[in-house]
Ligand code: ADP
């Protein structure tokens, strides 16, 4: 397999490795660095400044000053909007370098980064630029002689913690609405993937962002991340990552200054295939729903429920499709799947595969690493998966598809909803009544019907149950970054 070949040389250089505080790239207060690794080989790409509590303090001070003294929140919304639009243009101009950096640090296929994700970051920035000058309050009626205004103000300094699976998109989902609403930001990137955020943050400053408005800290969760979540001068916290860590940051926020928290956490999303469906199309979509991004998606369709009448045919064809999946160096044309992010995730996935075998699920294909270098995992399928198995309940976050059999609509609704998670769900059917029943019955923040992983800027995304609190993207995301103020003024002459 490609994993054994020499890695392709990435067509980009690493220019930014320091912390971005108050508009400058600076060393960490401790002087410490940590290596960021190439998931294709496990070798070091670059040493990156390691931020901890002292650097979070510096960054929060810079963001506080930029918020309190301006010019950012006091600039016209139109000016803020234009900076975000110029940023989008610069992202487009540097599309290929940004994509190469993302692929190098994360391991995702280059075409996925270059043709989908980087353009999506520009799209999201334009979406939020469009909102900047359309955020306004209300005048509401009062019972007495009062003039009542409801003002929408920026909330202040936003602390944001993002994961490694979509470093650029998570940047855009977080930074876009915060800036459009006039807030300032301290962003803590994931320790596995610090590079692309530093690069595009430099572009955002070139686009005219004033110093201190966006500060980017590379570093680890229990040090830099925890310092941000528990900071007394951070007014709002947004987090994307695992449910376990989500609970920690929510607690840190509560114990410190009760800053409001939005969370986008794990999932175990059902993908339900009815017996009226075209099996070939269902196989392809279910394959995409699970294997996309090396299976490293919080909303992955990781419980494939197939109606018993098409089950055997589905499993056969799903196996054929997985065997055809092109795994290899993510810089190589035509590669669909690169390596997993790091050895921790890689070993965790292999442990889940062993657990699937031990619990009696049928290993249809795959089941092992690929090659002997880097973090490549064979596309793996289990059939005959039972609801109580560990692989049926826990998030694997890798290229492991679990196929379940069902025979009745009410049964599958119950089983699909019997999860601590509720991030997303997929439905595959041509019957409009079945589709309507499922879309209303499924407890999930997103239900995709005859499609999956559609992520337009205007579509809200977030979870039911332990998949999260709040929504990102779309109009709902603005609320996370706005404070509501009621202004009640007595009217001297109510008749007028
Ligand atoms: P994963 O297990 O997939 O790496 P995490 O939820 O641990 O997911 O990581 C998501 C983000 O949360 C990363 O930026 C990570 O550094 C950060 N993080 C991890 N632990 C903590 C913590 N105790 N406090 C704050 N942030 C954390």
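A few comments on the model shown:
- Paramagnetic label reach from residue 115 (point 7 Å along Cα→Cβ; backbone nitrogen cut-off under 18 Å): within region 311-329, residues 325-329.
- Taking only Cα atoms of region 1-96, radius of gyration then Dmax in Å: 18.5, 57
- Relative packing of 284-294, 318-328, 176-186, which averages over residues the other C-beta atoms within 10 Å, highest first: 176-186, 284-294, 318-328
- Remark on region 96-178: Rg and Dmax equal 19.1, 64 Å (Cα only).
- Helix 279-291 and the longest principal axis of the C-alpha atoms of the chain enclose an angle of approximately 50°.
- Shown is the FRET efficiency for residue 32 and residue 343, computed with R0 = 25 Å from the Cβ-Cβ distance and rounded to the nearest 0.05: 0.70.
- Region 88-109 and region 359-422 have Cα centres spaced 32 Å apart.
- Spatial offset of region 274-313 relative to region 167-193 amounts to 32 Å, using the alpha carbon center of each.
- Rough spin-label spacing in nm, given labels placed 7 Å along Cα→Cβ, for residue 150 and residue 206: 4.2
- Spread over its residues, the convex hull of the C-alpha atoms of region 139-178 is 101 Å³ per residue.
- Helix axis angle, 167-180 relative to the chain longest principal axis, alpha carbon, degrees: 30
- Computed across region 181-261, the Kirkwood hydrodynamic radius from all distinct Cα-Cα pairs reaches 13.5 Å.
- Between residue 8 and residue 24, the simple spin-label model (points 7 angstrom out along Cα→Cβ) gives 4.0 nm.
- For 237, 370, order by how many other beta-carbon atoms lie within 10 Å, fewest first: 370, 237
- Pairwise centroid distance, computed over Cα atoms, of region 440-496 with region 127-154, Å: 16
- The average projected area of region 263-346, computed from the convex hull of its Cα atoms over all directions, is 6.8 nm².
- Calculated FRET efficiency for the pair residue 92/residue 332, C-beta based, R₀ 25 Å, to 0.05: 0.55
- Label point at residue 255 placed 7 Å out along Cα→Cβ; residues across region 46-63 whose backbone nitrogen lies under 16 Å: 53
- Highest-first arrangement of 41-48, 305-312, 56-63, where packing means the average Cβ count within 10 Å: 56-63, 305-312, 41-48
- Degrees between helix 77-93 axis and first principal axis of the chain (Cα, 0 to 90, nearest 10): 40
- The chain - Rg and Dmax from Cα coordinates, angstrom: 23.6, 83
- Residues 316, 411, sorted so that the one with the fewest Cβ neighbours within 10 Å comes first: 411, 316
- Ranking of 381, 432, 21 by count of other Cβ atoms within 10 Å, fewest first: 432, 21, 381
- Nearest-0.05 FRET efficiency for residue 68 and residue 351, computed from C-beta distance (R0 51 Å): 0.55
Read the figures in this text as sums done on the coordinates, not as results from a lab. All figures in this text were calculated on a predicted structure; none of them were measured in a lab. Note that each Cβ is placed from the backbone with ideal geometry, even for glycine, and that neighbours are counted across all protein chains shown.
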